[in-house]
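Here is the structure we will look at, set down as structure tokens.
The values are calculated or read from the model by the stated rules, or taken from the named source; none is laboratory data. Keep in mind that this is a model prediction, so the values were computed, not measured. Here the Cβ positions follow ideal geometry from the backbone for every residue, glycine too, while neighbour counts run over all protein chains shown. With ligands, DNA and RNA removed, areas are computed over all heavy atoms of the protein, side chains included. Shrake-Rupley method; radii C 1.70, N 1.55, O 1.52, S 1.80 Å.
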Amino acid sequence: MPPGLKRSLPFYAFKPWVKLGSPILLFEHLLKTYGNIACYRFLGTPIVFINDPEYIREILVTQATSFVKERTVRRMKLLLGEGLITSDDPIHMRQRKIAAPAFHRQRIAAYGDQIVACAAHQRESWRPYQQINIAAASMQLSLEIVARTLFNTEVTADIRSINDEVNTIMGLYNFIVSFPKIESFIHLPIPGIMKFRRSKARLDAVVDRLIREHREAAAHAESCEAEKTGGDLLSMLLASKYESDDPTTQQTGMSDEQVRDEVLTIFLAGYETVANGLAWTWYLLSQNPTVEAKLHAELGAVLGTGPAQRLPTLADYPALRYTEQVFAESMRLYPPAWAMGRMSTRPVTLGPYNIPSGAHFFFSQYIMGRDPQYFPDPLRFDPDRFTPENKAARAKFAYFPFGGGSRQCIGESFAWMEGVFSIATLAQRWRMTYLGSAPPEVQAKITLRPRDPLMMQIIPR
């Protein structure tokens, strides 16, 4: 086994690097004390923390069949069911094939104008020197983008309420993860569980409405012999149940429950992660005027200035390279998906270490992105780390904001386009000044959020 803590983790409960809800402190301690691979135990389970790109490749790619999702992710099945994030094969591969057409390059290209339109609508709603919580504003924008592009639906009051329910569940995250055998108690009148159940029921009600409306629209189109409009993700998920000529596939198509799991998973993953990435980007730009000026120079060169200024289009996307680098560098310092985990289903070997079946493995995009081994002067905000030349010179799994291997995020290309077009559209009109008196603190839950409201003043350009 790798080097590490001699005793079970609870023995160190009063150490400053052990704090419920702050696993980053533990990971930082393990890296500093033991190096790129370290081991500890929790209630008898061996846990291995890894900060080595080659070992991460072994787990996600080379020996991927020896691993499944670990306990923390499996707990999220209480919320997401058997969706793409939580399910294991063969369910995962089947669902991924069904959802994949919605994320093909040509389909994502068609989303570009809608992304820009949503961002333009938000920028027009702002007023000079207005003070806003940019984290909340980014959530609102990303939620609208996902609703319109992936689910072809208007952003009604119940769609907006999704963010409120997600905030409630995020507040319960540590409780859900740490509650022993919570699955056995999920129907009992325990206050935290009851609060979770209410939010989950409200989320399910929103998704069920979307599914019902899409089914009714499809049935109406079929009865009227109208052209089908099933290019959005939800239509594809529903159509997968009855459009195959293979009787076996018809019988194993997606049930209503599976459709709901996938819709909820992609809705939450699709808006929560990009929104956090955007919020941190605006904070970092506010602290780095040289980078901000270079971003504005690119926007002027590509999209024009003054009366000649225009909104970005799909044709501009390849030219917005520095804008993409800004978003990439932001996700290095503040990765929305801040850690990943796997559990071994058989004994595995990593370098000189033999690790038994049932061990849990964790690796953190947050820790890796701030490690001077891979990113010199790591706290400096420098988008030029992501020029093609610098990216090619770096180990692949030194930077993996969307995971890797066969389970790499299916929506990665969509997320990049959403991030780039949102930044470009808003930064054409506005810049932002951070109003906090100290750097914001992170909150490492399902995603990496600011702990407190991220208040900004909107400054016209």
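Observations on the model:
- Being modelled with pLDDT of 90 or more and open to solvent by 40 Å² or more (accessible area, probe 1.4 Å) is a description that applies to H121.
- Residue among F67, F151, F103 that alone is touching an Asp or Glu at 6+ places or on another chain (Cβ under 8 Å) and either free of Cβ contacts under 8 Å to residues at least 12 places away in the same chain or of a type in the set (F, W, Y) (or both): F151
- Residues of the range 449-461 that are surrounded by 22 or more Cβ atoms within 10 Å (Cβ to Cβ), assigned to a strand (DSSP E or B) and modelled with pLDDT of 95 or more: M456 alone.
- Test result for T45, within 30 Å of P372 (Cα to Cα), among the polar types (S, T, N, Q) and in contact (Cβ under 8 Å) with a residue 12 or more places away in the chain: no
- Boolean, S161 is within 16 Å of F267 (Cα to Cα) and touching a Ser or Thr at 6+ places or on another chain (Cβ under 9 Å): no
- Checked against (1) more than 25 Å from A137 (Cα to Cα); (2) crowded, with 24+ Cβ neighbours inside 10 Å; (3) at pLDDT 95 or above, A301 meets all criteria but (2).
- Flag if A99 is surrounded by fewer than 19 Cβ atoms within 10 Å (Cβ to Cβ), at pLDDT below 95 and within 30 Å of V166 (Cα to Cα): no
- Of the helices (runs of 4 or more DSSP H) lying entirely inside the range 1-96, those containing at least 2 residues that are open to solvent by 40 Å² or more (accessible area, probe 1.4 Å) and farther than 19 Å from I182 by Cβ are 23-34, 53-57.
- Note on the range 329-350: residues that are among the small types (G, A, S), open to solvent by 10 Å² or more (accessible area, probe 1.4 Å) and at pLDDT 95 or above amount to 0.
- Of all residues in the range 366-384, those satisfying the criterion of being open to solvent by less than 10 Å² (accessible area, probe 1.4 Å) and without any contact (Cβ under 8 Å) to a residue 60 or more places away in the chain are G369, F375.
- Those residues of the range 250-291 which are more than 30 Å from I211 (Cα to Cα) and buried (at least 18 other Cβ atoms within 10 Å of the Cβ), in sequence order: A279, W280, T281, W282, Y283, L284, L285, S286, N288, V291
- Y353 meets all of the listed conditions (1) more than 14 Å from the chain's Cα centre (by Cα); (2) closer than 29 Å to L150 by Cα; (3) at pLDDT 95 or above; (4) open to solvent by 20 Å² or more (accessible area, probe 1.4 Å) but one, namely (2).
- Unmet criterion (only one of (1) assigned to a helix (DSSP H, G or I); (2) open to solvent by 10 Å² or more (accessible area, probe 1.4 Å)) for A147: (2)
- Lone unmet requirement of (1) surrounded by fewer than 20 Cβ atoms within 10 Å (Cβ to Cβ); (2) more than 22 Å from M170 (Cβ to Cβ); (3) within 17 Å of the chain's Cα centre (by Cα) for Y399: (1)
- Options L210, L172, L203: the member that is under 30 Å from L43 (Cα atoms) and open to solvent by less than 30 Å² (accessible area, probe 1.4 Å): L172
- Total residues in the range 405-448, condition buried (at least 19 other Cβ atoms within 10 Å of the Cβ) and of a type in the set (G, A, S): 7
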